[in-house]
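Quick notes on the structure that follows.
The values are calculated or read from the model by the stated rules, or taken from the named source; none is laboratory data. Just so we're clear, the structure is a prediction, and the values are computed from it rather than from any experiment. Note that each Cβ is placed from the backbone with ideal geometry, even for glycine, and that neighbours are counted across all protein chains shown.
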Amino acid sequence: MKNTDRLKVALMASRNPKSQEVLQSLWMKLKEKKFILTPKNPDVVISIGGDGMLLSAFHKYEKLIDHVRFVGIHTGHLGFYTDYRDFEVDKLVDNLALDTGARVSYPILNVKVKLMDGRVLTMRALNEATVKRLSKTMVADVFINGVAFERFRGDGISVSTPTGSTAYNKSLGGAVLHPTIEALQIAEVASLNNRVYRTLGSSIVVPKKDKIVIEPKHDDRYSISIDNKNYTYDKIQQIDYQIDQKKIHFVASPSHTSFWNRVKDAFIGEVE
């Protein structure tokens, strides 16, 4: 069923010249096909650039997460959140003209930062949330589903989603998870392990039903990274991590790339 007479589309592009060129071309082609181009309450958000640009699009429209679907156009190397290359604008427009509302959905991360003054700050992450102590070694107790699991000492702790498992988590030695697996992953950032201090020393995959709690042991200043955004807080009481009740939705089309193809192309290349 064609629905171009009512499909509202928002465009977001990085500032590099190639992305701006694609933006202008796509804008004109969508206008010719009678799509409604608007940044307000869109049905589809098209991100032009790389994975960082799509992260920015997600955070701009996360309050509309139940309604909006995302599409990524990559103007550089292949990205994990992009189904189209810069030379496939016509294919994207043709697919949207035949759009039926089908979507592919992946889990996201809910993060609650509880401060000692009673404030509770709630955020969502598409890739990961990482906490680090700014001045010295971070010491924090880690609880998994109410179990006091370990006392961590090191630079920090990262909690990632399945889609985020191929990002910072992978560089920390974490496992790659298929994005349909509703689980979180804990990865240590430069932990201290010796005869006195001991952590598990490997990444941990936590199921959807379990909550992760991190309690920093010093009243100090901490950096919390939520995807590509950074925040600084003093005197954190605890940080809670869970699979969010909502999911991110991508436009399902013939061009939606297999996750394993994305992994192969990004890290392995062509197989002889």
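Residue by residue, here is whether (1) small (Gly, Ala, Ser); (2) touching a Gly at 6+ places or on another chain (Cβ under 9 Å); (3) assigned by TED's automatic domain parsing to the domain that holds residue 229; (4) farther than 19 Å from residue 12 by Cα holds:
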| position | (1), (2), (3), (4) |
| --- | --- |
| 85 | no, no, no, no |
| 114 | no, no, yes, yes |
| 118 | yes, no, yes, yes |
| 124 | no, no, yes, yes |
| 128 | no, yes, yes, yes |
| 132 | no, yes, yes, yes |
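All of 175, 129 fail the test of being part of a loop (DSSP other than H, G, I, E, B) and either closer than 30 Å to residue 64 by Cα or under 20 Å from the mean Cα position of the chain (by Cα) (or both), apart from 175. Given the criteria in contact (Cβ under 8 Å) with a residue 40 or more places away in the chain and crowded, with 19+ Cβ neighbours inside 10 Å, does residue 143 qualify? Against the criterion (in contact (Cβ under 8 Å) with a residue 40 or more places away in the chain and crowded, with 19+ Cβ neighbours inside 10 Å), residue 143 does not qualify.
May I ask you to verify whether residue 79 is assigned to a strand (DSSP E or B) and either assigned by TED's automatic domain parsing to the domain that holds residue 158 or surrounded by 15 or more Cβ atoms within 10 Å (Cβ to Cβ) (or both)? First the steps, then the outcome.
Values: assigned to a strand (DSSP E or B): no; either assigned by TED's automatic domain parsing to the domain that holds residue 158 or surrounded by 15 or more Cβ atoms within 10 Å (Cβ to Cβ) (or both): yes.
For residue 79, the condition - assigned to a strand (DSSP E or B) and either assigned by TED's automatic domain parsing to the domain that holds residue 158 or surrounded by 15 or more Cβ atoms within 10 Å (Cβ to Cβ) (or both) - is not met.
When 244, 265, 240 are screened for being in a strand (DSSP E or B), more than 16 Å from the chain's Cα centre (by Cα), under 26 Å from residue 173 (Cβ atoms) and charged (D, E, K, R), only 240 passes. Right, residue 122: modelled with pLDDT of 95 or more, in a strand (DSSP E or B) and crowded, with 23+ Cβ neighbours inside 10 Å or not? No. Just give me the residues in region 132-149 being within 15 Å of residue 205 (Cα to Cα), in contact with a Lys or Arg (Cβ under 9 Å, 6 or more places away or on another chain) and in a strand (DSSP E or B), in sequence order. Correct list: 142, 143, 144. The residues of region 22-50 that are touching a residue at least 60 places away in the same chain (Cβ under 8 Å) and farther than 21 Å from residue 102 by Cα, listed by number, are 22, 25, 26, 29. For region 7-30, filtering for residues that are touching a strand residue (DSSP E or B) at 6+ places or on another chain (Cβ under 7 Å) and under 24 Å from residue 249 (Cα atoms) leaves 14.
Candidates 251, 263: the one that is surrounded by 15 or more Cβ atoms within 10 Å (Cβ to Cβ), at pLDDT below 90 and of a type in the set (A, V, I, L, M) is 263. Residues that are assigned to a loop (DSSP other than H, G, I, E, B), touching a Ser or Thr at 6+ places or on another chain (Cβ under 6 Å), touching a residue at least 40 places away in the same chain (Cβ under 8 Å) and farther than 30 Å from residue 230 by Cβ do not occur anywhere in region 90-111. Only one of the numbered conditions (1) in contact with a strand residue (DSSP E or B) (Cβ under 8 Å, 6 or more places away or on another chain); (2) modelled with pLDDT of 95 or more; (3) hydrophobic (A, V, I, L, M, F, W, C) is violated by residue 102, and that is (2).
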